[in-house]
Amino acid sequence: MDIKRIFIYALLISGLASCTVDDFADDYTDPSKLAETTIGKQFTGMIMSNRQSVLPSYWDYFVIKRITSNRYTQSVGWVNVENQYVPGSAAVNDKWNNYYGFMAQYRELQKVYNGLSDEKKADNRVFMIAAATYFYDHTQQMVDLHGDIPWSEAGMLSINGGDYSKSYASYDKATDIYTTMLDDLAGFATELSSLQINPATTVEFKTQDLINNGDVNMWRRYVNSLRLKMLTRVSGTSEFSGRAKSEIAAILSNSTQFPIVADNGSNIMWDIFSLGTVIGANDFRSGLEDWNGNIAGEAILNHMVNNDDPRLTYVFQPGLNANGEYLGLDPLMNPTDQNALVLTQTLSLYNFSTISRNQYFPGILITASEVHLMAAEFYLKEGQEAMAKMHYEEAIKQSIGFYVYLRDISNNAESAAPIEPTDDAINSYLSMDGISWDAASGMDEKLSLIADQKWLHFNVVQSNENWNELRRLGKVELDFWVDNSNQQSLPPLRWMYPGSEQTYNLENYSEVQSQDKLNNTVFWDMN
């Protein structure tokens, strides 16, 4: 496969070849140094400030996803405990603080840009479009966790001259945030198709861009694929259904004007080329594996085993004492029996070499498989069966190729060699009763096929997206142990706001306090 590979990280910024994470912090987070910065460097610093939410890290996987989205989708198996469905305060606080620290960096970039002459603004326009696209991607993720969030007035402390009294932000409606982002992204899609960039900016953009290495066409794919994701997410709502239908149709019908991520060669990823620069060598391993965090959930593993899924040996591996058999942890077992089973080391694990011990594992933003699944859903609902089937099957092929790619770039060989998928094996999988498009009857069953494939593709690799789509579609059938010790007896429908909002932003928080409940749905969740 012709998968994009990016920069040698040590050559990332001219003149900063030996920089470390601490160097980035020194250069980009101190507002007193803004006079010395450039738009390009500030752009890089903004992306770096959010690296732990993109690159696989201990913080993101162990502190946050281990006890939230990985459980809510049963991508993993775990030993049942009381209070297990309530997002931990550390997870909520850390995710919130990381996002708003990232937002502050974005505001600093805007501040620097707004201080430029009109000529300089035009020269640096590509940086601002890319920055907003990346910022909107992560803003959507926060809205999808919480609903309404402080946004349009947030992150303004430096812009307000350090005056805290002016900087407590009100909450924007989730629908308003989506509207603003969709409006801007639609404008970016048109603007990037004809944007003229001077040679000096082209060189700097290539140097400073950690995501797409200065490739404007890749940013166009990012913009349009992000639009597809956001439009699909809100397509079932009365506020956005008409817009979603018309804009998705326009995007999918004109690949010249609106290129998208259509194959694994155009996946939007933050790749790792040089080790030891932006993540620790064992960050992903400890984040996913500590406290038996990478045990296979019974439902997802059985789906793969029962359907001879070509991804099986890439995604999972048998337990140490399992004699080659695949076994997932039943979520309905009592905790004592679950613990005893874990100790036998017969339970299957997420594959070390493909995933958790793969030190070249990239930060995933958008992949071709998920884009094709969005297209399949759109065409299915439009009654275009042939197009829906084509995109559904292409999504599966791209997903298989994606996991083969992840294994190919790995520097770890602890796991057994996977079974390489042949064309015959892929075609056989596509014809299985639980997979075949033609064997499914009616829209509901076919939508369930799409939902299942999103669940399988995302698993623990895109945990939050997995939970978002599981909630939105409501088609993946999972049974959960009922926690009778707690009001939250089953997985929640959203995250609550962190306690810091009540402490430091009470006046504004009071406006949303009545809706701050785990079982209140985010506006696009129509199930």
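The values are calculated or read from the model by the stated rules, or taken from the named source; none is laboratory data. Predicted model, so just to flag it, every value in this text is computed and none were measured. In this analysis, Cβ positions are derived from the backbone assuming ideal geometry, glycine residues included, and neighbour counts consider all displayed protein chains. These area figures cover heavy atoms from the full protein model, side chains too; ligands, DNA and RNA do not enter into them. Shrake-Rupley method; radii C 1.70, N 1.55, O 1.52, S 1.80 Å.
Within the stretch 196-250, take every residue that is farther than 23 Å from residue 362 by Cβ, in contact (Cβ under 8 Å) with a residue 12 or more places away in the chain and among the small types (Gly, Ala, Ser) and give me the one that is most open to solvent (accessible area, probe 1.4 Å). Filtering first and then ranking leaves 200.
Total residues in the stretch 221-270 satisfying the condition of being assigned to a loop (DSSP other than H, G, I, E, B), among the hydrophobic types (A, V, I, L, M, F, W, C) and under 22 Å from residue 390 (Cα atoms): the figure is 4. The C-beta contact set for the stretch 288-309 (first residue free of Cβ contacts under 8 Å to residues at least 24 places away in the same chain, second residue among the basic types (Lys, Arg) and assigned to a loop (DSSP other than H, G, I, E, B), distance under 6 angstrom, 6+ apart or interchain) is empty.
Taken over the stretch 329-368, the criterion of being surrounded by fewer than 22 Cβ atoms within 10 Å (Cβ to Cβ), among the hydrophobic types (A, V, I, L, M, F, W, C), assigned to a helix (DSSP H, G or I) and in contact (Cβ under 8 Å) with a residue 24 or more places away in the chain is satisfied by 342, 352. Applying the condition of being over 22 Å from the mean Cα position of the chain (by Cα) and of a type in the set (A, V, I, L, M) to the stretch 193-228 and asking which residue is farthest from residue 248 (Cα to Cα) yields 200. The condition (being under 23 Å from residue 197 (Cβ atoms), open to solvent by less than 20 Å² (accessible area, probe 1.4 Å) and at pLDDT 95 or above) is satisfied by just one residue among 116, 109: 109. Of all positions in the stretch 417-433, none carries a residue that is buried (at least 19 other Cβ atoms within 10 Å of the Cβ), touching a residue at least 12 places away in the same chain (Cβ under 8 Å) and closer than 21 Å to residue 382 by Cα. Sort out which residues of the stretch 474-520 are in a loop (DSSP other than H, G, I, E, B), open to solvent by 70 Å² or more (accessible area, probe 1.4 Å) and not hydrophobic (A, V, I, L, M, F, W, C), and write them in order of number. Those that are in a loop (DSSP other than H, G, I, E, B), open to solvent by 70 Å² or more (accessible area, probe 1.4 Å) and not hydrophobic (A, V, I, L, M, F, W, C): 477, 479, 484, 487, 511, 517, 519.
Yes/no matrix, rows are residues, columns are (1) out of contact with any strand residue (DSSP E or B) (no Cβ under 7 Å at 6 or more places or on another chain); (2) more than 23 Å from residue 64 (Cα to Cα):
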{"residue": "285", "(1), (2)": "yes, no"}
{"residue": "295", "(1), (2)": "no, no"}
{"residue": "322", "(1), (2)": "yes, yes"}
{"residue": "357", "(1), (2)": "yes, no"}
{"residue": "360", "(1), (2)": "yes, no"}
{"residue": "364", "(1), (2)": "no, no"}
{"residue": "372", "(1), (2)": "yes, yes"}
{"residue": "380", "(1), (2)": "yes, yes"}
{"residue": "383", "(1), (2)": "yes, yes"}
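Restricting 173, 166 to those that are modelled with pLDDT of 95 or more and open to solvent by 10 Å² or more (accessible area, probe 1.4 Å) reduces the list to 173. Being open to solvent by less than 70 Å² (accessible area, probe 1.4 Å), farther than 30 Å from residue 495 by Cα and in contact (Cβ under 8 Å) with a residue 40 or more places away in the chain narrows it down to one of 398, 453, so name that one. After ruling out the rest, the residue left standing is 398.
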